[in-house]
Amino acid sequence: MPSYLGVDVGGTKVAVAAVEAGEARHLTEHPTVLDSTEALLEGIENAVCEVVARAGEPEAIGIGVPSQVEWATGTVLASVNIPLAGVPLREELSRRFGVPVFVDNDASCAALAEAHELDACDLVMLTLGTGVGGGIVAGGHVFRGADGLGGELGHVVVEADGPPCFGTCPNRGCLEALCSGSAIERAAGRPGREVVEAARAGDAEAQGHFDRLGRYLGIGISNMVNAFQPEFVVIGGGLSAAADLFLETARTEAASRALPALWERTTVQPAKGGNQAGVVGAGLLALQEHSRAGDTPSSSPT
Ligand SMILES: [Zn+2]
């Protein structure tokens, strides 16, 4: 049985596993080395070699990075938290490993894992963490736009005159500006974890922040439903652990806004994949894209 490797490069750890039938095997995790690009690549190489030693040589390797990636070349165009900006990651790693390598945004990989888990062909994933990430699976494949930069669902506007967004986004009132961990911290003036605890303990002000988050998330979800008619909208990321504080509000809001015929066919739920969604999704990416590439010369991507 051909094996595929998934690599999930996060801001704190690099996870690598052989992915078979949507399951991670021989999983290894190492702290992400952020000192330099070369050190980071070496760390990835070592982790991959460790899994290859146990699982055997893979057919192809999929890599998810928290970055903007030009899909055709696998070049990282922008990367906030890890030193990969400008790095031709696909070329660099396929040279090191001698097998085809496919590079994508981590949120797209996670969305693929969720779609596999739910046996869905059309799915939208929103990851609520420090920022808001988005992944779209349409017709069974990742939707990326012309160059691979599309699917930035965190920057869909849900409040025209809302608060300014974060990072390099010039917009206001994006999902990220209203529904991220950073947005909660900015609004509450204290760490997100504390706001969650306070809301659970019945603090009305803290609950108000999550009501507001839920309402704006619901507006965003209604836009996703109307645009993509997904079978599922799944909510992942660190903040989804507090979904009990806002998901019902989001559903109610989305239900009142999405076109009824579409809404009736959509399920909104927390993501299932947990910590391994990234690495499993990266492995599924390798499987899918390698199969899709067929007998084209993808073994030596240039
Ligand atoms: Zn934005």
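The values are calculated or read from the model by the stated rules, or taken from the named source; none is laboratory data. Just so you know, these numbers come straight off a predicted model, no measurement behind them. Don't worry about glycine lacking a Cβ; one is built from the backbone with ideal geometry, like all the others, and counts go over all protein chains shown. Accessible surface areas use protein heavy atoms only, side chains included; no ligands, DNA or RNA. Shrake-Rupley method; radii C 1.70, N 1.55, O 1.52, S 1.80 Å.
Pairs of alpha carbons in the chain separated by more than 34 Å make up 21% of all such pairs. What is the sum of charges, Lys and Arg at +1 and Asp and Glu at -1, for the other residues whose Cβ falls under 15 Å from the Cβ of GLN229? My count for the surroundings of GLN229 gives -1.
How big is the antiparallel share of DSSP beta bridges in the chain, given as a percent to the nearest 5? Spell out each step's value before the answer.
Details: 27 of 46 bridges.
Percent antiparallel among DSSP bridges in the chain is about 60.
If you take every residue apart from ALA271 with its C-beta less than 12 Å away from the C-beta of ALA271, what net charge results, scoring Lys and Arg +1 and Asp and Glu -1? Intermediate values should be presented prior to the final figure.
Numbers: positive: LYS272; negative: GLU114, GLU117.
Here the charged neighbours net out to -1.
Keeping the other protein chains in place, figure out the carbon and sulfur percent of the accessible area of the chain, with a 1.4 Å probe. C and S atoms contribute 49 percent here.
So what is the calculated 222 nm ellipticity per residue for the chain, using -39500 (n - 2.57) for each DSSP H run with n of 4 or more, over all residues, to the nearest 500 deg cm²/dmol? Could you put the intermediate results ahead of the total?
Details: 10 runs with 120 residues, N = 302.
After summing the helix terms and dividing by residue count, I get -12500 deg cm²/dmol.
Note on the chain: GNM, Cα springs under 10 Å; of CYS109, CYS179, CYS49, the largest mean-square fluctuation is that of CYS49. Put a plus charge on the Cβ of each Lys and Arg, a minus charge on the Cβ of each Asp and Glu, and nothing anywhere else: the dipole of the range 69-120 about its Cα centre is then about 340 debye.
Counted by Cβ distance under 12 Å from GLU114, the other residues give a net charge of -3, where Lys and Arg count +1 and Asp and Glu count -1.
Taking a probe of 1.4 Å, how large is the accessible area per residue of the chain, in Å²? Don't skip to the end; give the middle numbers.
Values: 12990 Å² over 302 residues.
Per-residue value: 43 Å².
Around the Cα centre of the range 203-281, unit charges on the Cβ atoms of Lys, Arg, Asp and Glu (plus for the first two, minus for the last two) sum to a dipole of about 260 debye. When the convex hull of its Cα atoms is viewed from all sides, the range 1-146 shows a mean projected area of 8.4 nm².
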